[in-house]
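Below is one structure, written out as structure tokens; the observations come after it.
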Amino acid sequence: MVSKLILFMSILLSGNVFAAEGMVNVLEAPLFKRPNRNADVIQYVHKGEKVYIHPLVLVDRTAYGTLPEGTRLGTQDKDDPFALTEDIENYHDGSDFVLTKDTQGRDAWMLREHVTIWYEDPREFTQKAANPDNTDYRLLEPLPDGYPIARVPKIRGSFGFSLTSPQTNNYRYNQRVTSEGYGNQFEFNAHLMRVLDRELSGRWYVGGMITVRTVENEYRLETRVAQEQWTRLGAGGLISYDPWRSENARITIKGILLAYPLNQVSIRQTDRSSRDEEIRQYSGWNSAARLEGQWMRIKFFQNLDFTLGLWGEIESPMDLQAKTATNRSQWWGEGKGDSFRSSIAFTFAGTVGLHSSY
């Protein structure tokens, strides 16, 4: 045991004569005052620079067994520039830090992963470097368009497809409706928006929207079958706000006021026994208010963003007037003046679409 201790001490003393060295392997490595990531940084060293390493770091303890209890490696000689300090009494080979010196000769600690230590033995091949280099603040090339001035998109455009809740308003037939069949109601819409003037955050946009909606429903009456095909064209203004956004995603809320100048209903009635039929056209207009929320995956495909959303809309009542006369007045109201009134309607929908910013 005594021989092992003598061997240890001779290695350390010889190491103090021939100081150990290493090379910084990251862009900018901090030297800490204490072996703690939250300690004060007293200096920075840069990639490729040589740094001195305390000889204790080079000792391979596994090659020489265990020291007697209470025995410490190294020297406490005040004249030794690499004498052990209080901080390294508990130093071990698995420590995240190694002891070095700054340019003023003060004790300093650096992360083991930030330096390649020249052990001059097989341990050189087992060292782990920081990968990726978390100290490398340089931007990857090619640099973003317009760098270093941030490019805030001024215009947004989008196309969307919506599947909505059923259209439940219908013509007031003069026979009892025995069954109802509601078809899928589809909507295609387009938005064009511009950032608000003097709005530096790039979150507020104003613009306009156009929409086309269509649905076909079927009603079985006592002696007839009626088919209603609704086509609606709307346009209006909107305002949007981004309450949350990241580099790859964004949430947008939109408030929209719509006018539907064209609401056209084509009604076909067919007698179930004689197969006689007649078609009449009705039209009218109304207005609506819509609230929409969207989640957006930015640059889903090249410069296009992918959007998913939900919206709800409330519509005002409207009067639909017949535009064609009838030869079977018993099926309808009186002559060309036949009309009916739809009530307030609520529509809910899920939407999917593509979006782009310019």
Among the residues of the stretch 216-241, what is the count of those that are free of Cβ contacts under 8 Å to residues at least 40 places away in the same chain and either β-branched (Val, Ile, Thr) or closer than 22 Å to MET296 by Cα (or both)?
4
Mind listing just one residue for me: the one in the stretch 280-311 that is in contact (Cβ under 8 Å) with a residue 40 or more places away in the chain and of a type in the set (A, V, I, L, M) and, of those, nearest to LEU238 (Cα to Cα)?
ALA288
Considering residues that are touching a Leu at 6+ places or on another chain (Cβ under 7 Å) and polar (S, T, N, Q), the number found within the stretch 119-160 is 2
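Would you mind finding the one in ASP96, ASP102, ASP133 that is more than 30 Å from LEU308 (Cα to Cα), outside the structural domain of VAL26 (by TED's automatic domain parsing) and either aromatic (Phe, Trp, Tyr) or modelled with pLDDT of 80 or more (or both)?
That would be ASP133, the only listed residue that is more than 30 Å from LEU308 (Cα to Cα), outside the structural domain of VAL26 (by TED's automatic domain parsing) and either aromatic (Phe, Trp, Tyr) or modelled with pLDDT of 80 or more (or both).
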The lone exception for PHE125 - which of (1) in a loop (DSSP other than H, G, I, E, B); (2) exposed (fewer than 11 other Cβ atoms within 10 Å of the Cβ) it fails:
(1)
Filter pass, ASN189 being assigned by TED's automatic domain parsing to the domain that holds GLU292, surrounded by 12 or more Cβ atoms within 10 Å (Cβ to Cβ), out of contact with any Leu (no Cβ under 6 Å at 6 or more places or on another chain) and not in a strand (DSSP E or B)
no
Every listed condition ((1) modelled with pLDDT under 95; (2) touching a Pro at 6+ places or on another chain (Cβ under 6 Å)) holds for TRP285 save (1)
Just one of (1) over 44 Å from the mean Cα position of the chain (by Cα); (2) closer than 18 Å to MET193 by Cβ trips up LEU257, so point out which.
(1)
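Quick one: which of VAL225, VAL215, VAL195, VAL206 is aliphatic (A, V, I, L, M) and more than 39 Å from the chain's Cα centre (by Cα)?
On the way: VAL215 fails: more than 39 Å from the chain's Cα centre (by Cα); VAL195 fails: more than 39 Å from the chain's Cα centre (by Cα); VAL206 fails: more than 39 Å from the chain's Cα centre (by Cα).
Selected residue: VAL225, the only one of VAL225, VAL215, VAL195, VAL206 that is aliphatic (A, V, I, L, M) and more than 39 Å from the chain's Cα centre (by Cα).
Can you name every residue in the stretch 196-224 that is of a type in the set (A, V, I, L, M, F, W, C) and surrounded by fewer than 17 Cβ atoms within 10 Å (Cβ to Cβ)?
Going through the stretch 196-224, the residues of a type in the set (A, V, I, L, M, F, W, C) turn out to be 196, 200, 204, 206, 209-210, 212, 215, 221.
Selection gives LEU196, LEU200, TRP204, VAL206, ILE210, VAL212.
Anything in the stretch 217-247 that is under 26 Å from ASN286 (Cα atoms) and out of contact with any Ser or Thr (no Cβ under 9 Å at 6 or more places or on another chain)? List them, or say none. Give the derivation first.
In the first step, residues of the stretch 217-247 are kept if they are under 26 Å from ASN286 (Cα atoms); the result is 217-219, 226-240.
If the condition is that a residue be under 26 Å from ASN286 (Cα atoms) and out of contact with any Ser or Thr (no Cβ under 9 Å at 6 or more places or on another chain), then GLY237, LEU238, ILE239 are the ones that fit.
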Determine whether VAL45 is closer than 22 Å to TYR137 by Cβ, at pLDDT 90 or above and surrounded by fewer than 17 Cβ atoms within 10 Å (Cβ to Cβ).
no
Can you give me the number of residues within the stretch 250-283 that are of a type outside the set (Gly, Ala, Ser), assigned to a strand (DSSP E or B) and farther than 30 Å from GLN294 by Cα?
12
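May I ask you to verify whether TRP331 is touching a residue at least 60 places away in the same chain (Cβ under 8 Å) and hydrophobic (A, V, I, L, M, F, W, C)?
When the stated conditions are applied, TRP331 passes them.
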Is one or more of the residues making up the stretch 192-215 touching a Gly at 6+ places or on another chain (Cβ under 6 Å) and within 26 Å of ARG341 (Cβ to Cβ)?
yes
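The values are calculated or read from the model by the stated rules, or taken from the named source; none is laboratory data. The shown structure was predicted, so the numbers you read here are calculated from the model rather than taken from an experiment. Here the Cβ is made from the backbone with ideal geometry for all residues, glycine too, and neighbour counts use every protein chain on show.
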